[in-house]
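Just so you know, all these numbers are worked out from the coordinates, no wet-lab data involved. These figures come from a predicted structure and were not determined experimentally. Neighbour counts run over all protein chains shown; Cβ positions are idealised from the backbone, glycine included.
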Amino acid sequence: MGDARAVTDHVIQLYRNVPATRSGVCRICHTGPNNRYDTGEPYCICSSCERTMGGLYRPTTHVVPISLAVQDGDDNGLFKIVVSKANARAAPSWMTPHTLMAATLSRFYEAHEACLTGLAGGPFTLVTSIPTTRRNQPVEAFHPLIRVINDVSALKDLHKPQLLLANDEYVPRLYDRYSHPDAFHVMGAQKEDQVLRGERVLLVDDWFISGAHVQSAASKLFEHGAEEVVALVIIRVIDPSPSRPNRMAIWQEASAEPFDFDRCCIRDRQDHAKHVSNL
Ligand SMILES: [Zn+2]
Ligand SMILES: [Zn+2]
């Protein structure tokens, strides 16, 4: 953990706080909703989540991004590090994307284990990740995230790598940001086998745009009997363009304040301090 703190502190300016759910902040993806669907009511779901959560066996309502990030723009290198696996600008040469991702997961999990297990209804019994899918290419057998999770001491003992495998035929659909209940399958399980009965699963992914991957994967875990699925994603990628004033406001707010690893989107800072002191 000492290492995780030192690594993440080195590039702390790259992270952006993820807002807790409130009026105008989708309770699933913690950004959105766009103007059309934003009724101003608290706890609404954005149009994008409404779409990716529809038509599945069962989506998860627990998505926890660690940081917001934008795809374009020079003020945040996290997208490049997590998605392109490029080295952080202004980071020392020993800080590889792998090191940074492992440190980010490690520090966040340590600070918010109680928040995450609270969502799961108890301690996690299984940790897995979503396999890499590439359009028009064979599915990669080895996802870099598998090595990252193996370097997080709090997660590695529960880690079941390659539990989920992608079904090639649905990869283009995922890339068009549509979910599908059969986009993934659980290794070795026939349809409706309850091989995950009673499992509380921490589903780790590196980045989240529409949630098509996360929700399709969560649905398959539930279909095989998982009791609860909590998705922990390193970055929630948002597009804060002027045509999306809601997201623009969320991004500007996040960029105007220092990032705090002791804060999470499950609880706001005040609630968090109270919750932790009550444990
Ligand atoms: Zn949403
Ligand atoms: Zn927390």
What length, rounded to one decimal in nm, is gained on full extension from residue 61 through to residue 9, with 0.36 nm per residue of separation minus their alpha-carbon distance?
15.7 nm
Looking only at segment 90-111, which residues have a backbone nitrogen under 17 Å from a spot 7 Å from the Cα of residue 154 in the C-beta direction?
100-111
Return the long-range amide H neighbours of residue 62 (sequence gap of 5 or more, or a different chain), with a cut-off of under 5 Å between placed amide H atoms.
231
Could you list the trypsin sites (Lys or Arg not before Pro) in segment 56-116 that lie in coil according to DSSP, counting only those with at most 12 other Cβ atoms within 10 Å of their Cβ?
89
Restricting the count to DSSP beta bridges whose residues both fall in segment 2-278, what percent are antiparallel, rounded to a multiple of 5?
15 percent
Given the chain, longest segment not containing exposed loop GluC sites (Glu not before Pro) (DSSP; at most 15 other Cβ within 10 Å):
1-139
How do 94, 251 line up, fewest other C-beta atoms within 10 Å first?
94, 251
Percent relative contact order of the chain, based on C-alpha pairs within less than 8 angstrom and at least six residues apart?
27 percent
Summing -39500 (n - 2.57) over every DSSP H run of at least 4 residues in the chain and dividing by its residue count gives a helix-only mean residue ellipticity at 222 nm, to the nearest 500 deg cm²/dmol, of -10000 deg cm²/dmol
Once phi is turned into θ = phi - 60°, what whole-Hz ³J(HN,Hα) does the Karplus curve with 6.51, -1.76 and 1.60 give for every residue of segment 149-157, x standing for Gly and Pro?
5, 5, 9, 9, 4, 6, 10, 5, 6
Any chance you could count the Lys pairs in segment 2-278 whose alpha carbons are under 26 Å apart, treating pairs 8 or more apart or on different chains as valid?
7
Could you tell me what fraction of 2.2 N^0.38 Å the Cα radius of gyration of the chain comes to, as a two-decimal ratio?
0.95
